[in-house]
Each structure stands twice: as C-alpha cells, then as structure tokens.
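Q: Before we start, here is the structure in question, set down as structure tokens.
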Amino acid sequence: MTDEIEQVENYKYLCNEQLASKLKAFLLEEKIATYLHKDFSKKKDIRRIIDKLNQQKKSEVWGWWKDAPASLWITSHVTEAMIMAAAQGYKTNFNKEAVINYLTMELTARSCKDSIGYMQVLSQLNAPIDYKSNIDSLIARSGKSGYDTIRLALLQQQTGLTVDLSTLLSRQQQTVYGNTFWGKDTLHLFNNSIQSTYRCIRYFVRQGDKKHCYKA
C-alpha cells in the first residue's frame with residue numbers, strides 16, 4: 001500500500017482529479033503511520049493540497065481545472081477527499097450545501113452513470129434526500145451487476161436502511177483453500193474480485209461480523 005501511495009503522491013500533474021487523489025493518498029499514509037506508531041511529517045502537504053483545491057473550484061464545485069465547467073465526477077471525487085481530510089482533523093472550508101445542491105440536482109435531473117457513488121457521497125454529507133426510494137429504484141432495475149449489489153448493500157447500511165444479507169451472501173465464492181471472496185477476476189478497474197471483496201469486508205466490519213471478515 002505504501003508503494004502505491006508513494007506513486008500517487010509523486011505524480012507530477014496537478015489537475016483537480018490528481019490533487020484529490022494525492023490528498024487521499026497523503027491521508028491514507030497518515031492513517032498507516034498512526035497504526036504503526038510512526039511520525040508523520042507531511043501535514044503541510046495535506047494543507048497545501050486542500051488550499052489548492054479550494055483555489056481551483058468554480059461556483060463552489062469542481063471541474064478538471066480552475067476555470068473548467070463543473071464536473072459531476074470530479075466534484076464527487078474532490079468531496080470524498082475533503083470529507084476524509086475533515087474526519088482526520090483538517091480544516092477544509094468547502095461549501096457543503098453547494099455540493100449537496102449540485103449533486104442532488106445532477107442526480108435527479110438525468111440518468112447518472114454512477115448514481116450509487118454519488119448517493120454515497122451525499123450520505124456522507126448528511127444530505128436530506130430520499131435514499132430508500134432511490135435505492136429501491138436501482139435495485140428494481142434489471143441487469144445490475146454483483147458489484148453494484150455489494151455497493152447498494154453498503155449504501156443501505158450507510159444510510160440506516162435494512163439490508164437483505166441473503167443477496168450478499170449468495171454471491172460469495174470460495175478459493176481452493178476455503179477462503180471467501182466476491183466478484184470476478186477481471187482487469188476492470190472497479191468491477192473486479194479485489195474491489196468487490198474489499199467492499200464486502202467493509203460491510204462486515206461495520207456490522208462487527210468477524211466470522212465473514214476472517215473468511216475473506
């Protein structure tokens with residue numbers, strides 16, 4: 001993990017997408033340092049990136065660059081990073097209401113490519129939207145992948161809704177050694193066995209379900 005984090009931190013471009021990725025990387029490195037009881041000397045880098053992101057927003061949301069049109073995905077990505085930073089004690093000073101209004105408007109105005117992801121961000125911002133109706137609508141749609149089923153279970157858990165655990169457990173598979181995993185072994189950036197298993201573990205960790213965590 002630290003090797004991967006270092007590669008992201010050293011990436012030379014500074015568009016908002018990369019700045020948000022760098023911010024997440026530094027914050028994860030700080031967490032790892034805390035777990036290992038090591039000193040962390042990059043707090044200034046974190047504050048610098050937060051300041052840079054705040055300078056490069058337009059109308060309180062973000063595009064690829066400072067003067068670029070607002071981007072739904074970039075705004076969501078940056079907001080996730082800002083939420084992580086705030087949770088670790090940093091002042092972010094971004095306009096949460098503006099982000100909530102923008103994400104909510106985009107979510108309801110058209111068919112989003114990643115409605116689940118945007119609702120996850122909105123739930124982290126405690127946005128007052130009807131999560132149940134939106135989630136029920138997504139579940140009812142045909143052709144939802146196993147990966148989306150897992151993400152929807154996480155979103156239901158995150159928003160305090162009841163989760164049908166049987167759906168999640170029905171998709172689990174086992175290695176030849178008896179270990180549990182989810183998803184397919186593909187080269188898809190998000191929909192693969194590593195991402196699917198990781199998200200299932202997150203669900204079981206939140207539930208305090210050690211049995212399924214250890215199996216995975």
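A short reminder: the numbers here are calculations on the coordinates, not readings from a lab. Computed from a predicted structure; not experimentally measured. Backbone-built Cβ (ideal geometry, glycine too); neighbour counts: all protein chains shown.
Q: What list of ³J(HN,Hα) values in whole Hz, one per residue of segment 197-204 in order, does the Karplus curve 6.51 cos²θ - 1.76 cosθ + 1.60 (θ = phi - 60°) give from phi, with Gly and Pro shown as x?
A: Coupling constants for segment 197-204: 5, 4, 5, 5, 4, 4, 4, 5 Hz.
Q: Out of segment 1-50, which trypsin sites (Lys or Arg not before Pro) are coil in DSSP terms and have no more than 11 other C-beta atoms within 10 Å?
A: Lys12, Lys38
Q: Right, here's the next one. Tell me, what HN-Hα J-couplings in whole Hz come from the Karplus equation 6.51 cos²θ - 1.76 cosθ + 1.60 at θ = phi - 60° for each residue of segment 166-171, using x for Gly and Pro?
A: These are the phi-based 3J(HN,Hα) values: 4, 5, 5, 5, 5, 9 Hz.
Q: Past 25 Å, Cα to Cα: identify those pairs from Lys31/Lys184; Lys22/Lys91; Lys24/Lys44; Lys43/Lys96, in the order given.
A: Flagged as over cut-off: Lys31/Lys184.
Q: What per residue convex hull volume, in Å³, comes out for segment 1-94 when only alpha-carbon positions are used?
A: In segment 1-94, the Cα convex hull volume per residue is 87 Å³.
Q: Something else about it: R0 = 30 Å: FRET efficiency of Thr2 with Arg171, Cβ-based, nearest 0.05?
A: Rounded to the nearest 0.05, the efficiency is 0.45.
Q: Also, I was wondering about something else. How much length would be gained if the chain were fully extended between Asp130 and Gln88, taking 0.36 nm per residue of separation minus their Cα-Cα distance, in nm to one decimal?
A: 12.3 nm
Q: Of Thr175, Thr149, Thr92, which has the largest mean-square fluctuation in a 10 Å C-alpha GNM of the chain?
A: Of Thr175, Thr149, Thr92, the most mobile in the Gaussian network model is Thr175.
Q: Using Cα-Cα distances under 8 Å and only pairs 6 or more residues apart, what relative contact order does the chain have, in percent?
A: Across the chain, relative contact order equals 11 percent.
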